[in-house]
Amino acid sequence: MDQPRIALLNAAHEAAETQRNFRRELDADLEAFHCPSGELPDDFRYDGFVVTGSRASVYWDREWIGRLKTWVGDAVQAGVPALGVCYGHQLLADVMGGRVKAMGEYELGYRTVEQDEENRLLEGLGGRMTVFTSHSDHVVEEPPGATVFARNEYGIHGFRKDRTFAVQFHPEYDMATAESIARGKEGELPAERIEEVLAGIHAENYEAASGVKQVFDNFLAFVEEVRTERPEEAKLPDGGR
């Protein structure tokens, strides 16, 4: 079978690094759209879609965020498998009826996340995971009917509802991206905090966190199952857009 066709909804303002990271980790036919520039797919003829991280907040009043929410909501309604990462996690929660709030602080650096229960997206990863995090908003209430499958002291780190999966942490980051993100917080966080995070970005922690890259293979395996189970036309609501 040919590679699954995935729409990469790139919500990062600086698109290139984010796109490169996801292209490296997703073994799929990716079609990228830079959402802050107004780019979105014309229809739902994809085997799945991924919403990336962003420095934006889902509750900001921005035209591109409103348009992205509309497309994502329609795609979820159409049954297109979805994966949200960080901002994407929050946006999917918001679109599906959950609640997102500012934390009043940053979760930044390599952290530990606990898997609440066995879940398809985290299959093979065990109950305790090292992940890289960078966020100051969080999902405080999952969508109605969703199952929370990962969390830590900062709150919800993963949920699933039907064909939608979402994680707060960043499985796509390499060490260079992690360092760039940490340095980008200069002026927002005390210098001592940033230096502490930078000191933790080393080969041992990166190796420990690399296991969660499995979420991409697990998501694509799920996408393959879905596309073999349903006819092509079932992807489109009312004939598509």
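Just so you know, all these numbers are worked out from the coordinates, no wet-lab data involved. It should be emphasised that the depicted structure is a prediction, and the values quoted were computed from it without experimental measurement. In this analysis, Cβ positions are derived from the backbone assuming ideal geometry, glycine residues included, and neighbour counts consider all displayed protein chains.
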(request) Give the angle, between 0 and 90 degrees and rounded to the nearest 10, that separates the Cα long axis of helix 214-229 from the longest principal axis of the Cα atoms of the chain. (result) 10 degrees
(message) From Cα pairs below 8 angstrom and at least 6 apart in sequence, can you work out the relative contact order of the chain, rounded to a whole percent?
(response) 21 percent
(message) Under 37 °C and 0.692 mPa s, how fast does the chain diffuse according to Stokes-Einstein, given a Kirkwood radius computed over C-alpha pairs? Answer in µm²/s, whole number.
(response) 183 µm²/s
(message) For the pair Ala221/Glu207, report the inter-label distance in nm, with labels modelled 7 Å from Cα in the Cβ direction.
(response) 2.4 nm
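For the stretch 16-83, take the alpha-carbon Rg, divide it by the Kirkwood Rh, and send me Rg/Rh.
Ratio value, two decimals: 0.94.
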(request) Under 20 Å Cα to Cα from Lys185, which aspartates and glutamates show up? Leave out anything in the same chain fewer than 8 places away. (result) Glu14, Glu17, Glu105, Glu107, Asp137, Glu172, Asp174, Glu195, Glu196
(message) Could you tell me the calculated FRET efficiency between Lys185 and Arg45, based on Cβ-Cβ distance and R0 = 51 angstrom, to the nearest 0.05?
(response) 0.85
(request) As a check on your grasp of the helix formula, calculate [θ] at 222 nm for the chain: sum -39500 (n - 2.57) over DSSP H runs of n ≥ 4, divide by the residue count, round to the nearest 500. (result) -9500 deg cm²/dmol
(request) Determine, from the Cβ-Cβ distance of Arg193 and Thr228 and an R0 of 45 Å, the FRET efficiency 1/(1 + (r/R0)^6), rounded to the nearest 0.05. (result) 0.40
